[in-house]
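Below is one structure, written out as structure tokens; comments come after it.
Every read-out reported here was derived from the displayed coordinates using simple, explicitly stated rules and does not represent laboratory data. Worth saying up front: this structure is predicted, and the values here are computed from it rather than measured. Cβ placement follows ideal geometry from the backbone for every residue including glycine, while neighbour counts extend to all protein chains displayed.
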Amino acid sequence: MSNAYIRGLGFYVPKTVVTNQDLETVMDTNDEWIVERTGIKERRHVGRGLEETSSDLGLKAAESAIENAGIDKNEIDFIIFATLSPDLYFPGCGVLIQDKLGLDTIGALDVRNQCSGFIYALSTADAFIRSGRYKNILVIGSEVHSMGLDMTTRGRGVSVIFGDGAGAAIVSATDEEDRGILSYNMHSEGKYAEELMMGFPGSKYGWTDLLLTEDFEPDFEKIYPYMNGNFVFKHAVTRFPEAINEALNDAGYRINDIKMLIPHQANMRINQFVQKQLSLRDDQVYTNIHKYGNTTAASIPIALAECVQEGKIQKGDLVCLAAFGSGFTWGSILMRW
């Protein structure tokens, strides 16, 4: 049985930088308010004209990952695409990537686990690799949040947080026993689904009928993303350490063995709280939310790619990835680089 390891990484973010000062021009907010609550200084947006879609961003990240892995694109035998912001309501972005890369009729799977999307996608890739079914799987996390945010004072509690971007990994088989993914876990708690959600264009609220009426008054909590911020924060700082410790215990390691923890970039305050709970040093936790905001499914692969580029992870290092988000869903992955 082969192990699965990350053979190559790539990421892409749109060129347009949206600073906190830029947001001051469209809503009642300021840099101090945003930084104090989130740690975010700026984020990237594709632009209100939607010049780029989630599959466009994902394609550029994928091409970078393929080059970094040193493989021919035709060696990819499966695609897993994680996003909450697909180009189309259906079909998903996986098939769009298959077409844009010009690949043969390989399978393409879409993952809809929001902030935990990359954890779920990478865990699925690991299972396929270990089964012997596939040898090189392209895993992408990509988001274009800016197309669905309420950029007014009414929506500032959510809209200042999210940014656009994509990260990708080539996950391959290896015969090295102590390399690659060592353990992972995935969890969910659906009773809290509507504490962090977007109702439109789901079927629950009867949107088809409502949109056809002349007196339709939109419920902005359903059309745009809704988040019960304090509630989500309290659950996140509990579930993050649980998932991280579970992955360590399953693989027979302790927290001090970790070279680098890369958490989902949801909120700087969450990352700092978790770091303190686990007694980790600053150099053991990688954070880039100040530059990109929360890119949900893309945040872990973007951060991982940057961390490797900066030389902060070397072969043989123990690396942990962890995420918590809408669903609620959460999980973690422990790997030997």
> Of [x] 24.8, 82; [y] 31.0, 113; [z] 19.3, 64, which is the value of Rg and Dmax of the Cα atoms in Å derived from the coordinates here?
Replying inline: [z]
> Under 18 Å from the 7 Å Cα→Cβ point of LYS259, by amide nitrogen: which residues of region 68-94?
Replying inline: 69
> So for the pair GLU75, ASP317, with labels modelled 7 Å out along Cα→Cβ, what separation do we get in nm?
Replying inline: 2.4 nm
> Which residue fluctuates the most in the chain, going by a Gaussian network model with Cα springs under 10 Å, if the choices are ARG44, ARG239, ARG281?
Replying inline: ARG281
> With respect to the cross-link table entries LYS41/LYS315; LYS41/LYS312; LYS100/LYS259; LYS73/LYS291; LYS234/LYS276; LYS73/LYS259, which display a Cα-Cα separation exceeding 25 Å?
Replying inline: LYS41/LYS315; LYS100/LYS259; LYS73/LYS291; LYS73/LYS259
> Taking the Cα centre of region 70-130 as the origin and placing charges on Cβ (Lys, Arg +1; Asp, Glu -1), which of THR105, ALA127, THR83 is farthest toward the positive end of the dipole?
Replying inline: THR83
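Given the chain, what percent of its DSSP beta bridges are antiparallel, to the nearest 5?
Rounded to the nearest five, the antiparallel share is 70 percent.
With charges only on Cβ, +1 for K and R and -1 for D and E, what is the dipole size of the chain about its Cα centre, in debye, rounded to 20? The partial results should precede the final answer.
Values: 31 positive and 45 negative charges, 167 e Å.
In total the dipole reaches around 800 debye.
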>> Counting only other residues whose beta carbon sits under 13 Å from that of SER299, what net charge do I get with K and R as +1, D and E as -1?
In response: 0
>> Springs between alpha-carbon pairs under 10 angstrom, Gaussian network model over the chain: which of ASP87, ASP56, ASP104 fluctuates most?
In response: ASP104
> Cα axis of helix 229-251 to longest principal axis of the chain: angle in degrees, 0 to 90, nearest 10?
Replying inline: 10 degrees
> Which one of THR174, GLY117, ILE161 has its Cα pushed farthest toward the positive end of the charge dipole of region 96-194, where Lys and Arg give +1 and Asp and Glu give -1 at the Cβ?
Replying inline: ILE161
>> Could you work out how much longer the chain between ASP22 and ARG130 gets when fully extended? Use 0.36 nm per residue separation minus the Cα distance between them, nm to one decimal.
In response: 34.2 nm
